[in-house]
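Enquirer: Okay, handing you the structure first.
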Amino acid sequence: MSGTPKQNAGADERVADFGFQPVAWADKKDRVRGVFDSVAPRYDLMNDVMSAGLHRLWKRFTIAKTGLLKGQSALDVAAGSGDLSIGLAKRVGRAGHVVVTDINATMLAEGRDRIIDAGFAGNVDYVLADAEALPFADSAFHCVTIGFGLRNVTDKDKALSSLFRVLKPGGRLLVLEFSKAHLGPLEPLYELYSLQVLPRLGALLANDAASYRYLAESIRRHPDQETLKAMMERAGFERCEYYNLTAGIVALHVGYRL
């Protein structure tokens, strides 16, 4: 005999970032799912606390850049509690169609309740889906949004390719995400707030410091503005550009499938 076969031969040995912690590539999705199962009931409250309410302005700016018309179709990926989904539904109107997805069933349920409470029901569908393998036909949507979700995806290149595939020719992708801030002398205060104060707020308001520590750390591991733009271009998007919001704390990237 030539020896005992290697156990788990062919297993994916890649490592992913779970915040500052390296984890097995295959384990990250479950870890992220656990975070959002935990934070879902207080997600909106914590968004307001973390951003001092600015997340509402960032999302309003995003919706204004969709270019959507009445009667068109839109997809909101990693929709969370549904803020962008509601904005998309308003843009396309009753004759349009919005599909809301999230990989996390708890967050998808939270978003569905909020969207229905906002008065949108008949033209909005909900699908439990992974951004890396969207279960939709090619060229299905005029616009795709993903807000504060891409940094939690394990394989971002694969997700961007999936997002590109489901866009119609002429459609656009909008990625709203925390990015590389340009705060000058205020940057140490931002770092202190993100990495020290935020987990304590999570413990106080949501009884969950660990999840908010991960959320803060995941921002530091997310590609900066130029890197994400290049990734979108590799996935096939054209005319890519980004807008720095609040000194680059958040950036909105826009790319087109031409």
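The values are calculated or read from the model by the stated rules, or taken from the named source; none is laboratory data. No experiment lies behind these values; they were computed from the predicted model shown. Every residue, glycine as well, gets a Cβ built from its backbone with ideal geometry; the counts of neighbours run over all protein chains shown. For accessibility, only protein heavy atoms count, side chains too; no ligands or nucleic acids. Shrake-Rupley method; radii C 1.70, N 1.55, O 1.52, S 1.80 Å.
Enquirer: Of all residues in the stretch 175-213, which are among the acidic types (D, E) and free of Cβ contacts under 8 Å to residues at least 24 places away in the same chain?
Expert: Residues satisfying the conditions are E187, E191.
Enquirer: Say we look at the stretch 170-184 and pick out the residues that are assigned to a loop (DSSP other than H, G, I, E, B) and hydrophobic (A, V, I, L, M, F, W, C); which of these is most open to solvent (accessible area, probe 1.4 Å)? Write out each step before concluding.
Expert: Filtering the stretch 170-184 for residues assigned to a loop (DSSP other than H, G, I, E, B) gives 179-183.
Still in the list and also hydrophobic (A, V, I, L, M, F, W, C): 181, 183.
On the way: A181: 7, L183: 38 Å².
Ranking the candidates gives L183 first.
Enquirer: Another one. May I ask you to verify whether V166 is closer than 25 Å to G82 by Cα and β-branched (V, I, T)? Steps first, answer last, please.
Expert: Details: closer than 25 Å to G82 by Cα: yes; β-branched (V, I, T): yes.
Yes: the conditions hold for V166.
Enquirer: Could you list all residues from the stretch 40-70 that are open to solvent by less than 40 Å² (accessible area, probe 1.4 Å) and within 19 Å of G93 (Cα to Cα)?
Expert: Within the stretch 40-70, the first condition is being open to solvent by less than 40 Å² (accessible area, probe 1.4 Å), and the residues that meet it are 40, 43, 46-47, 51, 53, 55, 58-59, 62-63, 66-68.
If the condition is that a residue be open to solvent by less than 40 Å² (accessible area, probe 1.4 Å) and within 19 Å of G93 (Cα to Cα), then K59, T62, I63, T66, G67, L68 are the ones that fit.
Enquirer: Quick one: which of P5, P22 is at pLDDT 95 or above, loosely packed, with under 13 Cβ neighbours inside 10 Å and not small (G, A, S)? Before you say what the answer is, go through the steps one by one.
Expert: On the way: P5 fails: at pLDDT 95 or above.
Only one candidate passes the filter, namely P22.
Enquirer: Looking at the stretch 154-169 only, could you name the residues that are open to solvent by 50 Å² or more (accessible area, probe 1.4 Å) and in a strand (DSSP E or B)? Can you show your working first?
Expert: Our first condition is that a residue be open to solvent by 50 Å² or more (accessible area, probe 1.4 Å); within the stretch 154-169, this holds for 157-158, 161, 165, 168-169.
Listed by number, the residues that qualify are K168, P169.
Enquirer: Moving on to the next point. Output the residues belonging to the stretch 61-78 that are part of a loop (DSSP other than H, G, I, E, B) and farther than 14 Å from G147 by Cα. Full working, then the answer.
Expert: First, pick out the residues of the stretch 61-78 that are part of a loop (DSSP other than H, G, I, E, B): 65-72, 78.
Passing the criteria: G67, L68, L69, K70, G71, Q72.
Enquirer: Another question, if that's okay. Determine whether the stretch 116-129 contains at least one residue that is among the aliphatic types (A, V, I, L, M), surrounded by 20 or more Cβ atoms within 10 Å (Cβ to Cβ) and under 20 Å from K168 (Cα atoms). I'd like the intermediate steps shown before the answer.
Expert: To start, the set of residues in the stretch 116-129 that are among the aliphatic types (A, V, I, L, M) comprises 116, 118, 121, 124, 127-129.
Next, from what is left, pick out any that are surrounded by 20 or more Cβ atoms within 10 Å (Cβ to Cβ): 124, 129.
Right, trim to under 20 Å from K168 (Cα atoms) and you get 124, 129.
Scanning the stretch 116-129 turns up at least one residue that is among the aliphatic types (A, V, I, L, M), surrounded by 20 or more Cβ atoms within 10 Å (Cβ to Cβ) and under 20 Å from K168 (Cα atoms).
Enquirer: Of the numbered conditions (1) surrounded by fewer than 23 Cβ atoms within 10 Å (Cβ to Cβ); (2) in a helix (DSSP H, G or I); (3) in contact with an Asp or Glu (Cβ under 6 Å, 6 or more places away or on another chain), S85 satisfies every one except a single condition; which is it?
Expert: (1)
Enquirer: Hey, another quick one. Could you grab me the full set of residues in the stretch 214-241 that are farther than 15 Å from S161 by Cα and either open to solvent by less than 20 Å² (accessible area, probe 1.4 Å) or touching a residue at least 60 places away in the same chain (Cβ under 8 Å) (or both)?
Expert: Answer for the stretch 214-241, where residues must be farther than 15 Å from S161 by Cα and either open to solvent by less than 20 Å² (accessible area, probe 1.4 Å) or touching a residue at least 60 places away in the same chain (Cβ under 8 Å) (or both): Y214, L215, A216, E217, S218, I219, R220, R221, H222, P223, Q225.
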